[in-house]
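The structure under discussion appears below in the form of structure tokens.
The values are calculated or read from the model by the stated rules, or taken from the named source; none is laboratory data. Note that the structure is a prediction, hence the values are computed from the model and not measured. Methodologically, a virtual Cβ is constructed for each residue, glycine included, from the backbone with ideal geometry; neighbour enumeration extends over all protein chains shown. The protein model used for the area step is the full one, side chains on, heavy atoms only, and it has no ligands, DNA or RNA in it. Shrake-Rupley method; radii C 1.70, N 1.55, O 1.52, S 1.80 Å.
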Amino acid sequence: MSSIIESISTFMERSGFSIITLIFVAVFGLISVRCILKILKHSLLQTSLDKLLIKFVMTIAKIFLYVLLLLYCFTIVGIPLTGAVTALSAITLAIGLAIQDIIAGVASGMMLVAIHPFKVGDYVEADGNSGSVKEVNLFHTVLTTVDNKQVMIPNKNIFSSEIVNYSYNDKRRLDIIFGADYDCNHHDVIKVIKETAEKHPLVLKDPAVMVRLSEFKDSEIAYLCRAWVMSSDYWTVKFDVQEQVL
């Protein structure tokens, strides 16, 4: 029993100061890292950088700072830094081999931020899903559908699929097909559709509204109406013009 007490006493005499220093550094380091991250985030929000890019920068900075703090704590307790780095590299390699798909997802997420095919709030279609971009994190892109469902798509799938961004340009062309009986006067149908579309306050004057006969069907003639609108007004104008023409 006395030998155990002596061993503990000897250990505390040799490493007591290191343990106290380690606790102080760890506490002070955690507080410092949080302050640095807070200042960094505030600074980035003052710039014109996209929110997606800011989120990625913050994530990388957080990982980098915590790893630095961990390595410094290793040196305090006497663990050689070269050995710690080697061990950390080996662990990272082992984990990397086990979670290749996750790493591919992270890499794809970083590429999405780099090439910037969309931003938060854009209405997009990708990997067979469509909705407004809510966020892009390290592993998934989160969409909110028009019926308010949340869809989480792996970044790897997003990056490897065709991406259609309906909000990228300010203006969109609206195409509406109308059907009219063969008995209806051809010129009257075109006149009604064109005048109705032109009168809508959200339809742009330039380019001008175009209405032409599109197709002869079995029981009706199809007429195509093309009008240009702001992207945010697309669905409002589509439903309004259809109802007003009727």
Q: Considering only segment 155-183, state which residues are in a strand (DSSP E or B), hydrophobic (A, V, I, L, M, F, W, C) and open to solvent by less than 50 Å² (accessible area, probe 1.4 Å).
A: Val164, Leu174, Ile176, Phe178, Ala180
**Q.** Residue in segment 200-234 that is farthest from Val124 (Cα to Cα), counting only those that are exposed (fewer than 14 other Cβ atoms within 10 Å of the Cβ), under 41 Å from the mean Cα position of the chain (by Cα) and among the basic types (Lys, Arg)
**A.** Arg212
Q: Could you run through segment 108-127 and say how many residues are within 9 Å of the chain's Cα centre (by Cα) and under 14 Å from Asn157 (Cα atoms)?
A: 2
**Q.** segment 235-246, subset open to solvent by 30 Å² or more (accessible area, probe 1.4 Å), within 16 Å of Arg172 (Cα to Cα) and not charged (D, E, K, R), residue farthest from the chain's Cα centre (by Cα)
**A.** Phe239
Q: Considering every residue within segment 96-104, establish whether at least one is at pLDDT 75 or above and over 21 Å from the mean Cα position of the chain (by Cα).
A: no
Q | Pair list, Cβ < 8 Å and 6+ apart or interchain, from segment 107-132 residues that are touching a residue at least 60 places away in the same chain (Cβ under 8 Å) to residues that are open to solvent by 80 Å² or more (accessible area, probe 1.4 Å) | A | Leu112/Phe159; Lys119/Lys51; Val120/Lys51; Val120/Lys134
(Q) Just checking, does segment 8-28 include any residue being at pLDDT 80 or above, in a helix (DSSP H, G or I) and either within 30 Å of Val136 (Cα to Cα) or under 26 Å from the mean Cα position of the chain (by Cα) (or both)? (A) no
Q | Search result, residues across segment 184-199 that are surrounded by 12 or more Cβ atoms within 10 Å (Cβ to Cβ) and either part of a loop (DSSP other than H, G, I, E, B) or among the polar types (S, T, N, Q) (or both) | A | Cys184, Thr196
